[in-house]
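Here is the structure we will look at, set down as structure tokens.
The values are calculated or read from the model by the stated rules, or taken from the named source; none is laboratory data. Please read these numbers as outputs of a predicted model, since none were measured by experiment. Please note: Cβ atoms are built from the backbone with ideal geometry, for glycine as well, and neighbour counts cover all protein chains shown. Calculation scope for accessible area: heavy atoms of the full protein, side chains included, ligands and nucleic acids excluded. Shrake-Rupley method; radii C 1.70, N 1.55, O 1.52, S 1.80 Å.
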Amino acid sequence: MVVARQLLLRRFSYYTRPTMGYLKEKIIYDMTSDTATKPTDQMFEIMKQATRGDDVYHEDESVKALERYVSDLTGHEDALFCASGTMTNQLCLRAHLLQPPHSVLLDARSHVFIHECGGLAYHSQANVTPVHAQNGIYMTAAEVAINIAGEDVHQSPTRVVSIENTLNGLIMPRDEIEKISVLARSRGIKMHVDGARLWNASEESGVSLREYGKLFDSMSLCLSKGIGAPIGSILVGSKPFVAKCRHLRKLMGGGWRQAGSLAAVAHWCIENIMPTMKHTHQQAKRLAMSLEALGCVLVYPCMTNQVWLNTAPTGVTTGQLAEELAKYGIKIPGGNGVTCRMVLHHQISDEAIDQFITVAQNLFEQYKGSKPLAITGPASILAYPTTVQ
Ligand SMILES: Cc1ncc(COP(=O)(O)O)c(C=O)c1O
């Protein structure tokens, strides 16, 4: 009870803190992404206590402590703290991919494929085999099996299977990953996971990071998303693999000097914010269920911290909803379409969820009896309309 109250107070402490000595920040519950969390005063205190060595020479103790901690959590030999999830994904894939022709097999909705600026082509000269998951949730081992490219002279052989978990907030079953892992490894193919939100998958499914770790040769774990750190992502793998990634990081201009403060705060966030994720998932599920009860459709089932919304049946656009919510300090993606993704995190209060539901209820009431709208929205959502009605 006391812990829960402290967490709640912590949630609110940021919103009332003075900025630049005299300004007060406006209360904003930003649900556009879990990258939208703001570092708290407490986090700045942690940063002050960090060591100040040079990480390019791997001489910073706070960075080394974070890397040891995450390698241990995931059961891998070594880790490398980097600036972003895009960097840790691309470094891992580049380190696995030695010599074209080669390709990466992945879910067609994967971040590494559609949201990393074509990095696979740029950094690794790699082809991609995108798999359209027929069940709408995750690609299966059977789908992987039929899509593996072999050594035929016309093909670019599959060298890596890249899994994303969670993907759009959806948890991939551990047993399915294991089947894929066994299959891939039996063919000499490396297994990578874009685990930007593997923390969420682990907290929700009860599968430990170490259990997940056994199924992959490399893992990329974002720290600036649900974990709530201001900056960073960390990759793990074997010692020689991480050494290769460290070298490639320097090549990409990603060697950073006094990174200790960022590592220290990320370390603190893993220990303190990860345990709050289950509560965040409950909030997301409550919001999703309430919006469904008010006539909306969910593009995907809500399994963790993401609510993928389709407001078409209510006659209201997400832009209209966003405009109403903004009056109460709640921010969601707007636009003129009827679909959007909302992502919850540790700085969203229960009261904000209540407020959201009330606002939506009042707004939908005004449009009661109006014609359902045509389905429009961001291409990233509409391109995969598995469950969009
Ligand atoms: C699933 C996934 N992987 C990787 C990334 C990349 O992270 P970053 O923005 O730190 O480059 C993101 C960012 O949103 C993501 O959602």
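Length available on full extension from Lys331 to Ser370: 0.36 nm per residue minus the Cα-Cα distance, which gives 11.5 nm. Surface composition of the range 173-302: carbon plus sulfur atoms hold 54% of the accessible area, using a 1.4 angstrom probe and ignoring ligands, DNA and RNA.
A convex hull fitted around the alpha carbon atoms of the chain yields 143 Å³ per residue.
Normalised by the number of residues in the chain, the mean separation of alpha-carbon contacts (under 8 Å, six or more apart) gives a relative contact order of 21 percent.
Starting with the highest mean, order 361-369, 307-315 by the number of other Cβ atoms within 10 Å, averaged over the residues of each peptide.
Working: 361-369: 12.6, 307-315: 23.8.
Most protected by this proxy first, the peptides run 307-315, 361-369.
Taking amide H positions as placed in the peptide plane 1.01 Å from N, state which residues far from Asp107 in sequence (5 or more) or on other chains have amide H under 5 Å from it. Answer set, sorted by chain and number: Val131, Glu164.
Using DSSP to define loop residues, name the GluC sites (Glu not before Pro) in the range 81-168 whose beta-carbon has at most 16 other beta-carbon atoms within 10 Å.
Working: sites: Glu116, Glu143, Glu151, Glu164; in loops: Glu116, Glu151.
Here the GluC sites (Glu not before Pro) that fit, given the DSSP loop and packing criteria, are Glu151.
To the nearest 20 debye, what charge dipole does the chain have about its Cα centre, counting +1 at the Cβ of each Lys and Arg and -1 at the Cβ of each Asp and Glu? Each step should come with its number before you reach the end.
Values: 37 positive and 36 negative charges, 78 e Å.
Taking the Cα centre of the chain as origin, the dipole is about 380 debye.
For the chain, the 222 nm mean residue ellipticity estimated from helices alone, with every DSSP H stretch of n ≥ 4 adding -39500 (n - 2.57) and the total spread over all residues, rounds to -12500 deg cm²/dmol.
Work out how much length Glu271 to Asn135 would gain on full extension: take 0.36 nm times their residue separation and subtract the Cα-Cα distance, in nm to one decimal.
Residue separation times 0.36 nm, minus the Cα-Cα distance, leaves 45.5 nm.
Using the 1.4 Å probe convention, the accessible area of the chain works out to 43 Å² per residue with neighbouring protein chains retained.
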